[in-house]
Amino acid sequence: MILDSLQEMQKLDQEGVYLSITSLPDQMRASWQGVQEISIPPEYKLVKNVVVAGMGGSGLAARMIHSLFF
């Protein structure tokens with residue numbers, strides 16, 4: 001197996017994980033732009049707890065938030 005070859009990796013990557021990883025910066029940019037357009041009501045500052053949940057790869061966001069802020 002030649003891991004230096006993108007073509008060889010794509011043959012092994014049936015689920016498209018490589019594309020998901022390489023497109024992450026674009027997804028984050030689009031998310032950031034979308035967040036800038038949201039208007040958050042002032043009373044939301046009173047919130048004490050937030051639950052971020054997911055299973056499998058969907059739990060990645062929760063793990064990232066935890067590692068950044070806790």
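Collect the residues in region 1-58 that are part of a loop (DSSP other than H, G, I, E, B) and closer than 21 Å to residue 70 by Cβ, keeping them in residue-number order.
Initial filter on region 1-58 (part of a loop (DSSP other than H, G, I, E, B)): 1-5, 13-16, 23, 37-41, 47-55.
Within region 1-58, 47, 48, 49, 50, 51, 52, 53, 54, 55 meet the criteria.
If you scan region 29-70, which residues turn out to be open to solvent by 100 Å² or more (accessible area, probe 1.4 Å) and at pLDDT below 80?
55 - this is the single residue of region 29-70 that is open to solvent by 100 Å² or more (accessible area, probe 1.4 Å) and at pLDDT below 80.
If the Cβ limit is 9 Å and pairs must be 6+ apart or interchain, which residue in region 14-33 that is under 17 Å from residue 60 (Cα atoms) pairs with which residue that is surrounded by 10 or more Cβ atoms within 10 Å (Cβ to Cβ) and at pLDDT 90 or above?
Partner pairs satisfying both residue conditions: 20/27.
The values are calculated or read from the model by the stated rules, or taken from the named source; none is laboratory data. This structure is a prediction, so every number in the text was calculated from the model and none was measured. Positions of Cβ are backbone-derived with ideal geometry, glycine not excepted, and every protein chain shown enters the neighbour counts. Side chains are part of the model used for accessible areas, which takes the heavy atoms of the whole protein and leaves out ligands, DNA and RNA. Shrake-Rupley method; radii C 1.70, N 1.55, O 1.52, S 1.80 Å.
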